[in-house]
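The values are calculated or read from the model by the stated rules, or taken from the named source; none is laboratory data. No experiment lies behind these values; they were computed from the predicted model shown. Cβ atoms come from the backbone with ideal geometry, glycine included; neighbour counts cover every protein chain shown. SASA here: full protein model, heavy atoms, side chains in, ligands and nucleic acids out. Shrake-Rupley method; radii C 1.70, N 1.55, O 1.52, S 1.80 Å.
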Amino acid sequence: MADPPRLLVFFASLISLRFCGADKGSDIRGFTPFQFVVEPIDTLAVRGLPAVLNCSAASDAPVRVEWKKDGTFLNLVADDRKRQLADGSLLISAVVHSKHNKPDEGVYQCVATIDNLGTISSRTARLTVAGLPRFLSQPEGVSVRSGGTEMLSCEVTEELAPFTRWERDGRPVELDGRVIQLPSGALVISNGSQSDAGLYRCTIDGLGPAKTTDEAQLQVRERFAVIGGGSLQIVNLTEEDAGIYVCQADSGNMTSEIQAELTVHVPPRFLTRPSNTYAQESMDIIFECDITGSPPPTVKWMKDGDTVIPSDYFRMHNLQVLGLVKSDEGFYQCLAENDAGNVQASAQLIILDLASGPSERNDPTPSAPRDVVASLVSTRFIKLTWRLPAEPHGENITYSVFYSLEGTNRERVENTSGPGEMQVTIQNLVPDTKYTFRVVASNANGPGESSTPLTVATQLEVQVPGPAPNLQVVSVGTSSVTLSWDRPVTGNGEIQTYRLFYSEKGRDSEQDVDVTGLSYTMTGLKTFTEYSFRLVAYNKHGPGVSTEDVVVRTLSDVPSAAPQNLTLEVLNSTSIMVRWQPPPAGTLNGELTGYRLRYRKGLRRADAAEISTSQLFQLIEGLEKGKVYTVRVSASTVNGSGPTTEWIAAETFENDLDESQVPGVPSSLHVRPLVNRIVVSWTPPENQDVLVRGYKIGYGIGSPHAHTVTLDYKQRFYSIDNLDPSSHYVITLKAFNNMGEGIPIYNSATTRPQSDPIDPDIDFYELFNNPYTPAPDPTPMLPPVGVQATVLSQDTVKVSWADNSLAKNQKITDSRYYTIRWKTNIPANTKYKTANTTTLFHTVTALKPNTLYEFSVMVTKSRRSSTWSMTAHGTPFESIPSSAPKDVTVISKEGNPRIININWQPPTEANGKITGYIIYYSTDVDAEVHDWVVEPVLGNRLTHQIQGLTLDTTYYYKIQARNSKGMGPMSDAVQFHTPKGKSSTSTCGGVTLSRLCVSDKPGITGSQEKRVLVIVVIVSVGVFTIIAVIAGAVLCTRRSNSHQKKKRAACKSSTGSHKYKSSSKDLNPPDLWIHHERLELKPMDKSPEPNPVMTETPIPRTAQDPAAEPSHQRRGESLRGGESEGRETQNDDASKQRVHITDRPAPSQPVLCFSCCIHLVSI
């Protein structure tokens, strides 16, 4: 097409035509509609009978129709058997045909002409005369299996096939989608049954007396059926059936394969048709004509019925006309033909008549540019320079250079690159040829005077090589091609090297490589990619003439990437909808032939079923209820399947949706009023467990009951059309199922007044009058509605929406795309992330668990974009904490060095609500986790107190957080050494007197500290004994209602540790434990309250444990990590002595406590 500077001159010329030539009454002539309404088609005629070839052309001007036969115009005046009907059709009253005389058989073409304007030709049609009716063979009876497909042959000559019909048991066979008759006359019956059985015969009608075959039994075949023991028959052939077919024979011991390629011929079809064009003399124009078909059609161009011959000014395949002259005006036709048919399309070219001279204009235009010279002359280009006109009459002067071959009147034009530029280089000239140049300056008023013509001759090209002939490029692999060529005919000396230039299709940059010889294999190319190659020969004088570009595509391969964005949507208890997107651009490595979907039941290896599809979605039905299924997808080309996606799991519903009640009220209803319509969008009811079969919209002026519309359950928007402007409408929406209609939701809106501005239409005529007026801003599109965020997993949310600017079926047929953005408000300055998609949904991944995200959508089509939609919110599911509690600190309690306070902060990535913490501590940092002492803490606590520690001992602490999904990682061990100072409270082994603990290890009683301790113990025990006797008596008498509390404290000797064990066979419950290493008195707790800390942590109990009773529970103050309190090693009796006294009468229990005190005193 013409470049922008050239268009500026074109538009300026139109302005001068519009304003300066107004006095003369000149106007731009409009396009004349001129086309064929009916074109002739191939026709089978019968000897002696009439035949008609239809043709009709339509135009506002009178049309004259003529006919050609075999390329020669018919003389209908001299032929009394042929005459032209009123609409242009050709009638042959009686077809003449014999063995040696066939005057009517041939190729016919209809030619329509508008006098003084142009001519167009129809597509060609062949008239064939049928011979005498006869059958080449008789149909044979064949048995048919139920449900199979079979074919009954009716062999006749090709011209008789349209006159054949079939009868069964003497009655005509009714043809339908199951019973079809092939173009050859054969009868094919699919899905055969006993009702199809009978005697069939083929009949020829319409060519005189009817002629029939012998009767035969019905035969049934499938569309793809193996016949004759191994032949593959394909019925109703389509373009998609083309490809490579493999026949495999298996004898049990050996398998043999052979393949064959099926090519399907497809008639030519237009992808791009030529369009009517206005142009100005000296401009260059292009008529586009893109054709598809199989085999590839041949294309030729015609102008006013005459074939266009390629030349320097007429270039193919898309017709490019260079340097227009007035005689180029007319009708141009693109004709395409292959073995399967032919098509044609036409377009009109109008050369505008512009004002000729500056004297006819009222406003001044520039004078002629001065001093036009050829500053640089080469063999194939000339550089021209000039000076500013003496009278420019304005600023921003642009220039056009008109040039032509000497002796011709066909001028071409080259415009300068910008205003004020006073030089231009004319490329692609012919060596040793004279050209005539002239320069015209233009201002805002139009083009001015032309400079004096300048004749310059290009230099003689005798030093460099000519183009290398016969350049051929062949793909030999997925990433390599082989090139070959011949030596240049005009070598002009020895060829030193060749330089091969190549570029990827769609890229402007060219790469090159130096080669020697007459062939070269290039590797490292992209798979299934088109490349353009050209070759330049070099000699001692430099580069020669380049060859024409040769385009080739590398071979295809399997895809190198898996499909993207695979999602599973459980529809009900027996079906799952699978959706995905194609592999990333550039990874298909060939033409996509389809997708292979595999699914299996369960998460482990199992037999997987496979489905092939060409869609981006697949419904899997017939599944089991409440089962987990995993799915993966791969893309395929003709070379095979590429890598698959990861297995994605989904679980079918235990039961289908409830329809025992009506649906709830829709959760939202939004309206968008326009002048004559209101766009309504909504979201479904919040209770997704109730089945919704559809929605009903009611609307009217002042009342919602005037009109009712019923919609599908998948619908999320609707446009109420044909409304009155400036009117108040009430709208109601309700969901329904088989149980009835649900509660409606109401809204109202007032349509906009009729005076509101509508989308402006760009006037083409005004655009000519004012080429410098900027185009109006594109009208923004309606934003997507009904945006929903569906949480799929802990890091994935599916965002879906509806588009009001699409048809009601929401099918996307244009190049629009959608942009999804999302962010979280934590922290507040988080930036949006975006993604693009061409579907009405997108799956956003890599989100943070248990974090609120907001999503919105925008649609873009060409230069038009919508505003962002309303925001939808979604919070991914919780996940186990991915980080440990932080800032763990340990400090000793003031006044009691055996107690420490441990503090911490929640995990940075909690991934959910923290329900509890587990504190681990031990004196051995390398000990196994189950050997650490554990203490549970509620999730709302960030501090905890640990008592009964040993002085002058190093402890290590770890903390672990927990939420509803499980335990997170442990924090790093924090070390703390207890001080050496004495406690003001009397202790024994780190336990207060409320916890009696006696050790028989030597060395303790020998120290001064222990002797003082014994005295204190004796005095304290005396007081304690009186209290214990009284309390014990009361508590033991109320034993059935008491709640026992058990707590063991770790007693560390010089060689001891903090580990303890107890018997799993405890009786109901022990009052006293006496041990060589540990003595523990268990106080009774009347509190029946359950343990408020970490109730999820189980504590094993025996059958006799009173904690198993409903009204009593035992609370453990400290648990050993990884062990239950009832574990006991089998060697415990050999190393320790123990007295276990249980279940005594109530009065005796104080005596037992007293005996404990006496034993302590004896020590």
Q) In what order, largest first, do M967, M151 sit by accessible area if the probe radius is 1.4 Å? A) M967, M151
(Q) I'd like to know which of P643, S726, T750 lies farthest towards the positive end of the charge dipole of the stretch 610-757, counting +1 on Cβ of Lys and Arg and -1 on Cβ of Asp and Glu. (A) S726
Q: Using a 1.4 Å probe over the heavy atoms of the protein chains, calculate the carbon and sulfur portion of the accessible area of the stretch 449-532 as a whole percent.
A: 45
**Q.** Loop trypsin sites (Lys or Arg not before Pro), the stretch 343-425, which have at most 15 other Cβ atoms in a 10 Å radius of their Cβ (DSSP)
**A.** R380
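Going by accessible area, probe 1.4 Å, with all protein chains left in place, what is the ranking of R579, R605, largest first?
Working: R579 55, R605 225 Å².
Sorted descending by solvent-accessible area, the residues read R605, R579.
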Q: Any chance you could look up the accessible area of T263 with a 1.4 Å probe, heavy atoms only, rounded to 10 Å²?
A: 90
(Q) How large is the accessible surface of Y713 in square angstrom, using a 1.4 angstrom probe and rounding to the nearest 10? (A) 100
**Q.** Extended-chain gain in nm, criterion 0.36 nm per residue less alpha-carbon gap, C247 and K831
**A.** 204.4 nm
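Of the cross-linked pairs K627/K798; K696/K833; K102/K300; K300/K861; K808/K861; K798/K848, which ones have a Cα-Cα span greater than 26 Å in the structure shown? Provide the component values of the computation, followed by the final result.
Numbers: K627/K798 22 Å; K696/K833 37 Å; K102/K300 30 Å; K300/K861 36 Å; K808/K861 18 Å; K798/K848 14 Å.
From the list (K627/K798; K696/K833; K102/K300; K300/K861; K808/K861; K798/K848), the Cα-Cα distance tops 26 Å for K696/K833; K102/K300; K300/K861.
Where Rh denotes the Kirkwood radius from the mean inverse Cα pair distance, what is Rg over Rh for the stretch 881-922? Can you show the working numbers first?
On the way: Rg = 12.9 Å, Rh = 12.0 Å.
A ratio of 1.08.
Given the Cα-Cα distance of S573 and D87 and 0.36 nm per residue of separation, how much length would full extension add, in nm?
Working: separation 486, 0.36 × 486 = 174.96 nm, distance 6.41 nm.
Stretched fully, the S573-D87 segment lengthens by 168.5 nm.
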Q. Of K823/K958; K958/K980; K714/K913, which sit over 25 Å apart, Cα to Cα?
A. K823/K958; K714/K913
**Q.** For the stretch 440-519: accessible area per residue (Å², 1.4 Å)
**A.** 54
(Q) Given a Förster distance of 35 Å, report the FRET efficiency between E610 and E504 from their Cβ-Cβ distance, rounded to the nearest 0.05. (A) 0.45
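Kindly sort I880, I495, I234 by accessible area of their heavy atoms, largest first, with the probe set to 1.4 Å.
Working: I880 75, I495 20, I234 45 Å².
Of I880, I495, I234, the descending order of accessible area is I880, I234, I495.
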Q: Express the relative contact order of the stretch 488-580 as a whole percentage, based on alpha carbon pairs under 8 Å and six or more residues apart in sequence.
A: 24
Q.
Given the whole protein assembly as supplied and a 1.4 Å probe, what does the accessible area of H977 come to in Å², nearest 10?
A. 90
